[in-house]
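Remarks on the structure that follows.
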Amino acid sequence: MTIRTLIVDDEPLARRGLQLRLRDAADITIVRQCANGREAIAAIAEEAPDLMFLDIQMPGLSGLEVVAQVPQESMPMVVFVTAFDRYAINAFEAHALDYLLKPVDDTRLAAALDRVRAQWQQQQAIAQREQLMALLADVKGNGEIAPQGAVETGAAGAADVRRYARMLPIRSGRETIRLDVTTIDWIDAAGDYMCLHADGQTHVLRATMKELEEMLDPQVFQRVHRSTIVNLARVRSLRPHLNGECFLKLQSGQEVKLSRSFRDKVELLLDRSGVAPHAHRA
């Protein structure tokens, strides 16, 4: 994923110089360059950039006036660029992430980009978390998530239809894709994130193992290890290993370790008809 970036400066040489300095940053994509504040406001509306390098002193609208006129919900991260150090206080009062003095120093630019990356990752995590919480609310309530058909008996003995997610929202840059859960082969934890392996691709979702277990049908998605969940419908065979452990071989050819503590429950589900009828011991 790349950080979509806007460069705004009334000096063509300044724009060109910043563009050249940014070309070695693989995660920075310059989507447009603007020569004045009016162009910048239009570009923000049209391009929805993640980051803007913004000159403060420009004819017409200044950089500070641009920030004042852009709606808060549309405002990208801002790094002010100025030839005058006295504008630094104004820059931070305008909630800029950082500011650079002209001529731009490579070391200061690198430090500013580090701050940008840290802030961007935090924003992505927050957005992913909000989407997940909204989806969880749908799963637990009467949202758009369709029931998978699992039935549980409530305290009064009445059948209670549980709803499980059929789609998971995956944030990719500024876009969100909907991942069909039936395409998922297995899921493993990577720190604060979950890696969803589906049809040869890996999608990253900020969530906990417990949150995903609540969202996915336990008749199909089972934990097979402390940090791994497998789609049992994608299991092709079970291969015994040492010390009571096994390996599940998936239709994709991937092998996933099945720990002893989860083995009995997983084997029972594999033996039930309709979950993975073709699964067998190798």
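The values are calculated or read from the model by the stated rules, or taken from the named source; none is laboratory data. As the structure is a computational prediction, the values presented were derived from the model and not from experiment. Backbone-built Cβ (ideal geometry, glycine too); neighbour counts: all protein chains shown.
Here are the numbers for this structure:
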item: Single residue of the stretch 223-237 satisfying the filter (assigned to a strand (DSSP E or B) and touching an Asp or Glu at 6+ places or on another chain (Cβ under 9 Å)) that is surrounded by the fewest Cβ atoms within 10 Å (Cβ to Cβ); result: His225
item: Some residue of the stretch 189-196 being assigned to a strand (DSSP E or B), of a type in the set (A, V, I, L, M) and either under 12 Å from the mean Cα position of the chain (by Cα) or buried (at least 20 other Cβ atoms within 10 Å of the Cβ) (or both); result: yes
item: Residue that is modelled with the lowest pLDDT [pool: residues in the stretch 265-282 that are closer than 13 Å to Pro240 by Cα and among the charged types (D, E, K, R)]; result: Arg281
item: Scope the stretch 238-261; condition without any contact (Cβ under 8 Å) to a residue 24 or more places away in the chain and either out of contact with any helix residue (DSSP H, G or I) (no Cβ under 9 Å at 6 or more places or on another chain) or outside any strand (DSSP E or B) (or both); matching residues; result: His241, Leu242, Asn243, Gly244, Glu245, Phe247, Gly253, Glu255, Arg260, Ser261
item: Residue ranges of helices (runs of 4 or more DSSP H) in the stretch 1-82 with at least 1 members within 16 Å of Val116 (Cβ to Cβ) and touching a helix residue (DSSP H, G or I) at 6+ places or on another chain (Cβ under 7 Å); result: 12-22
item: Among residues of the stretch 228-244, those that are over 21 Å from Thr183 (Cβ atoms) and of a type in the set (Gly, Ala, Ser), counted; result: 1
item: The one condition in (1) farther than 17 Å from Asn231 by Cβ; (2) within 15 Å of the chain's Cα centre (by Cα) that Leu179 fails to fulfil; result: (1)
